[in-house]
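Read the structure below first, then the notes.
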Number of protein chains: 2
Amino acid sequence: MDHLDRKILAIVQRDCASKAEAIAETVGLSASAVQRRLRALRSAGVIRAEVAVIDPKAIAGTMTFIAGLEIERENYGALQKLRRWAEGCDHVQQLYYVTGGFDLVAIILASDVEAYDMIAAALMRDNPLIRRMTTNVVLRAEKVGLEVPLAEE
Amino acid sequence: MDHLDRKILAIVQRDCASKAEAIAETVGLSASAVQRRLRALRSAGVIRAEVAVIDPKAIAGTMTFIAGLEIERENYGALQKLRRWAEGCDHVQQLYYVTGGFDLVAIILASDVEAYDMIAAALMRDNPLIRRMTTNVVLRAEKVGLEVPLAEE
DNA sequence: CCTGAAAAGAACTTTCT
DNA sequence: AGAAAGTTCTTTTCAGG
């Protein structure tokens, strides 16, 4: 993991369909070298996945909700169960275990408020450790991304 | 946008490095047809981008913060300025304009608490409309993704 | 209009220096 | 790491439903 790797990462985390030759030109390397580094980054797990980002607007009925969860006590066993629950639920996009006003924050997608209510109800039913759930409805996603800020050399 | 497109999307939003032939086999189409559909989905904007997901743990010092913002009034002009600010700040990963307890929710990455504090201070300095900022520190990201739930036919 | 199959082109992988 | 040969994937083209 040197400066060149970071430069390559900075590019592919915005567009992983970039051709190796194009990347090579901007980082000042040969195409072969770029591919080797990319392969190494993949197998090392630095590049976790390469995914297509779909515009939620293109999918009929996708609303975003941000839920702050407060739990009974920091019960780690139940927390793990909740984690698995979220893993198995496609509607739960993101789940963060936090410290602050809430214990957990979840980003949930649903076709409408009714569908969200059903997901939220199921979530609370299956995870009794959840004491309180505060929901914010997303009116507009101003920025959505998972890019990691990479300090340039 | 038919059932086959949705099937293709369901695959590439998890792995856009999949070969067309592999996709073709699972959706029951030829490789050519898959590529044509992928190209159409790209130019139609359904596929917004294809990105590499980087493991934040691999990057030295990446902490995640979730900030709930309360603003003075729903001042749309200032909001747009805030949106541009977020767009230009690599540390702001996500920004949602919401209704509920907060007005906006931001997901911010920083190398440590000090760095976060500087970003937060700059954010409030440059955007006087922000009245209050409630931060939750992410102890662990249980699930992180941008996958859209695609109802199967 | 969209599919599938084959030819042409481009990209990636491997090997060697 | 870079360059060239070999392999694989993608793109184009064309015939058919």
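Read-outs throughout are calculated quantities, based only on the coordinates presented, and are distinct from any laboratory measurement. The shown structure was predicted, so the numbers you read here are calculated from the model rather than taken from an experiment. Here Cβ is always computed from backbone atoms with ideal geometry, including for glycine, and neighbour counts include all displayed protein chains.
Summary of values
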read-out: Label-point separation, residue B:73 to residue A:81 (7 Å along Cα→Cβ), nm; value: 5.0 nm
read-out: Of B:75, B:136, B:127, the one that fluctuates the most in a GNM where chain B has Cα springs shorter than 10 Å; value: B:75
read-out: Across the identical copies, how the residue B:31 labels are spaced - nm, sorted shortest first, 7 Å along Cα→Cβ; value: 1.8
read-out: Top of B:62, B:26, B:134 by mean-square fluctuation, Gaussian network on chain B, Cα under 10 Å; value: B:26
read-out: Amide hydrogen neighbours beyond the local backbone of residue B:16, cut-off 5 Å, H modeled; value: A:50, A:51, A:52
read-out: Charge dipole (debye, nearest 20) of chain A; +1 at Cβ of Lys and Arg, -1 at Cβ of Asp and Glu; value: 340 debye
read-out: Dipole axis of the range A:16-129 (+1 Lys, Arg; -1 Asp, Glu on Cβ), positive-most option in A:89, A:122, A:52; value: A:52
read-out: Interchain or long-range residues, amide H under 5 Å from residue A:98's placed H; value: A:104, A:105, B:139
read-out: Hits among lysines - C-alpha to C-alpha of residue B:81 under 24 Å, sequence gap 8 or more where chains match; value: A:57, A:143
read-out: For the protein assembly as shown, the spread of Cα positions along each principal axis, largest first, Å; value: 50, 48, 44
read-out: Inter-site label distance for residue B:14 and residue A:31 at 7 Å from Cα along Cβ, in nm; value: 3.2 nm
read-out: Pairwise centroid distance, computed over Cα atoms, of the range A:1-68 with the range B:19-94, Å; value: 11 Å
read-out: Dipole axis of the protein assembly as shown (+1 Lys, Arg; -1 Asp, Glu on Cβ), positive-most option in A:98, A:1, B:33; value: B:33
read-out: Kirkwood hydrodynamic radius of chain B, from inverse mean 1/r over distinct Cα pairs, in Å; value: 18.2 Å
read-out: Inter-copy spacing of residue A:122 label points, which lie 7 Å from Cα along Cα→Cβ, given in nm from shortest upward; value: 4.2
read-out: Most fluctuating residue given options B:29, B:123, B:104, as computed from a GNM of chain B linking Cα atoms under 10 Å; value: B:29
